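The values are calculated or read from the model by the stated rules, or taken from the named source; none is laboratory data. These numbers come from a predicted model, not from an experiment. No Cβ is skipped: glycine too gets one built from the backbone with ideal geometry, and neighbour counts run over all protein chains shown. All accessible areas refer to the heavy atoms of the entire protein, side chains included, with ligands and DNA or RNA removed. Shrake-Rupley method; radii C 1.70, N 1.55, O 1.52, S 1.80 Å.
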Amino acid sequence: MNKKDAEMIDQRIVELFRSAAAYINAHRASTFVIVLHGEALAAENLPNIVFDLSLLHSLGIRIALVHGCVDGDLERPPGQAPQPTSAGEMAKLRERAGGIGVALEAMFSQGTSKSPMRGADIPVRRGNFISASPAGVLDGVDLKYTGKVRKVDAEAIREELGRGAIVLLPGLGYSITGEVFALQPGEVATETAAALGADKLIVFVPGDGVGDANGATLPTLSLAEGEACRDRLLARGDAESRRAGLALRAALRACRAGVRRCHLISCRKNGALLRELFTREGSGSLLSGAEPHLLRAAELSDVPGILQLIAPLEAEGALVRRSRELLENEIGNFRIIEWEDTLVACAALYPVDGEHGEIACVAIDPAHRGAGLGERLLASLEQQAKATGMGHLLALTTGAEHWFARHGFEPRKLADLPANRRKFYNFQRNAKILGKRL
Ligand SMILES: CC(C)(COP(=O)(O)OP(=O)(O)OC[C@H]1O[C@@H](n2cnc3c(N)ncnc32)[C@H](O)[C@@H]1OP(=O)(O)O)[C@@H](O)C(=O)NCCC(=O)NCCS
């Protein structure tokens, strides 16, 4: 590598570190419940995951780490009965859970001078934080040592987290009879996240997150989208889809129990966790719960609401005027966000040529600005543009140049516009031309 290249890389590292500052501040003192299933525990990438978790801990994030005890764990898709756990299997699970716990403790304790974790000093705590009861008899089958979560001792976990410890929670629970029951790690994680009032649930999965019908990773999902994807993934036969479907099922439950953000992240890709948490682009899939705003494709019946929303912005020249007829014709390009049955935001994606699409008519009701609605609409249209094979996005704006710049748009010249768009450029309006490569 020559000196100039090395300097460029150094500068890039500085910029990356600076751009992470906002995320570091946002996550500090947050509580994350993180799940490592069998695939993650067996992954070559596990030492990197542990290192990245140590880094999160160093940044002031409180971590409860749930881990599986067997490769396939005990989870079954809906409709498929839970499997019984015999006394012999239970004995093996106890042994395996102990072994995994000790191995994780050892990994968090690394601190030789050559280790990247030197000086970290991370206390790890295990304990009887999860009470279980037997799952019982199902359709005449005694499930024996297969159990369900009865109670999470949130106070004791919080105390340990408050002392700066990482809390390890195996997929096991203790009963009032002094027995041990096998639990689904997804259930342990969901119940723990709900009991702690966690800020995030993060599940490591073998794939990149949640894929759409064509396999492209969906960066964000609403609850409704999450439900549809869960059913599609669980209906597939392969192990990767099944694991993503089960992780999504746990995430949906956590969201319904009040956890605002649940992430599905690759357990095989080095650094996927850090990319998801500290970069705008992310790397996995984020399921957003407790979201009163509903994003969807616009319909003809939305035209009056859009007209009402954009009228003041048209009057002040922020948006180009659109007649009712034009809007009705172009409604298929629009996405909107509703809040309590009121249309509060809209944006459109116009195809320009096969390669370019134009983002236009981004309008957020003033009472709902600054809540990330613009960002959500833009992310959703970007996703749509990518799915339809577009490689570039354009935006022509008089007042929101910097807002688009925050989302990766860069200045373009008139000559950069495709010819069929250039000939309609309005010189009187003199809008700034911006572009983003997808
Ligand atoms: C620009 C607009 C779409 C942003 O929508 P939003 O939902 O409020 O944006 P988000 O919540 O995603 O982002 C908010 C952030 O963007 C910033 N922002 C908002 N409008 C901005 C603008 N015009 N220029 C620069 N930054 C802007 C906010 O200050 C806020 O910053 P913060 O997170 O540091 O506090 C909205 O303000 C709007 O409807 N403006 C009028 C219409 C318009 O100009 N549309 C674009 C032409 S196509």
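Here Leu438, Leu417, Leu394 are screened, and the one residue that is among the hydrophobic types (A, V, I, L, M, F, W, C), touching a His at 6+ places or on another chain (Cβ under 7 Å) and closer than 20 Å to Leu319 by Cα is Leu394.
Among the conditions (1) of a type in the set (A, V, I, L, M, F, W, C); (2) without any contact (Cβ under 8 Å) to a residue 40 or more places away in the chain; (3) within 15 Å of the ligand (Cβ to nearest atom); (4) part of a helix (DSSP H, G or I), Leu377 misses just one, which is (2). Being on the phi < 0 side of the Ramachandran plot, touching a Pro at 6+ places or on another chain (Cβ under 9 Å) and not hydroxyl-bearing (Ser, Thr, Tyr) holds for only one residue in Arg243, Arg260, Arg256, and it is Arg243. Scanning region 342-372 for residues that are more than 13 Å from the ligand (Cβ to nearest atom), surrounded by 20 or more Cβ atoms within 10 Å (Cβ to Cβ) and of a type in the set (Gly, Ala, Ser) turns up just one, Gly357.
Exactly one residue out of Arg296, Arg268, Arg280, Arg335 is closer than 20 Å to Ala387 by Cβ, basic (Lys, Arg) and modelled with pLDDT of 95 or more, and it is Arg335.
Among the conditions (1) modelled with pLDDT of 95 or more; (2) within 11 Å of the ligand (Cβ to nearest atom); (3) closer than 19 Å to Arg322 by Cα, the only one that Gly399 does not satisfy is (1). Of the candidates Arg260, Arg249, Arg236, the single residue that is open to solvent by 50 Å² or more (accessible area, probe 1.4 Å), touching a residue at least 12 places away in the same chain (Cβ under 8 Å) and farther than 17 Å from Ala379 by Cα is Arg260.
Cβ-Cβ distances below 6 Å connect the following pairs, each with a first residue in region 291-316 that is within 21 Å of Ala224 (Cα to Cα), a second residue that is open to solvent by less than 50 Å² (accessible area, probe 1.4 Å) and among the charged types (D, E, K, R), and a separation of six or more residues or different chains: Leu294/Glu338. Would you check if Gly408 is more than 7 Å from the ligand (Cβ to nearest atom), under 20 Å from Thr220 (Cα atoms), in a loop (DSSP other than H, G, I, E, B) and touching a residue at least 60 places away in the same chain (Cβ under 8 Å)? Criteria met by Gly408.
So, of the residues in region 380-403 that are in contact with a strand residue (DSSP E or B) (Cβ under 7 Å, 6 or more places away or on another chain), in a helix (DSSP H, G or I) and open to solvent by 20 Å² or more (accessible area, probe 1.4 Å), which turns out to be farthest from Gly282 (Cα to Cα)? The qualifying residue farthest from Gly282 (Cα to Cα) is Glu401. Please go through region 5-47 and give me each residue that is modelled with pLDDT of 85 or more and in a loop (DSSP other than H, G, I, E, B), ordered by number. Answer for region 5-47, where residues must be modelled with pLDDT of 85 or more and in a loop (DSSP other than H, G, I, E, B): Arg28, Ala29, Ser30, His37, Ala43, Glu44, Asn45.
Count of region 1-44 residues, restricted to those that are closer than 30 Å to Glu240 by Cα and open to solvent by less than 30 Å² (accessible area, probe 1.4 Å), is 12. Restricting attention to region 263-276, the residues that are open to solvent by less than 10 Å² (accessible area, probe 1.4 Å) and out of contact with any Ser or Thr (no Cβ under 9 Å at 6 or more places or on another chain) total 1.
Residues in region 312-334 that are open to solvent by less than 50 Å² (accessible area, probe 1.4 Å), within 12 Å of the ligand (Cβ to nearest atom) and among the hydrophobic types (A, V, I, L, M, F, W, C): 3 in all. Restricting the search to strands (runs of 3 or more DSSP E) fully inside region 245-361 and requiring at least 2 residues that are in contact with a Phe, Trp or Tyr (Cβ under 8 Å, 6 or more places away or on another chain) gives 261-266, 293-297, 342-351.
Residues considered: Arg429, Arg376. Of these, the only one that is at pLDDT below 95, closer than 23 Å to Ser222 by Cβ and out of contact with any Asp or Glu (no Cβ under 7 Å at 6 or more places or on another chain) is Arg376.
Of all the criteria given as (1) under 24 Å from Glu281 (Cα atoms); (2) more than 16 Å from the ligand (Cβ to nearest atom), the one not satisfied by Asp416 is (1).
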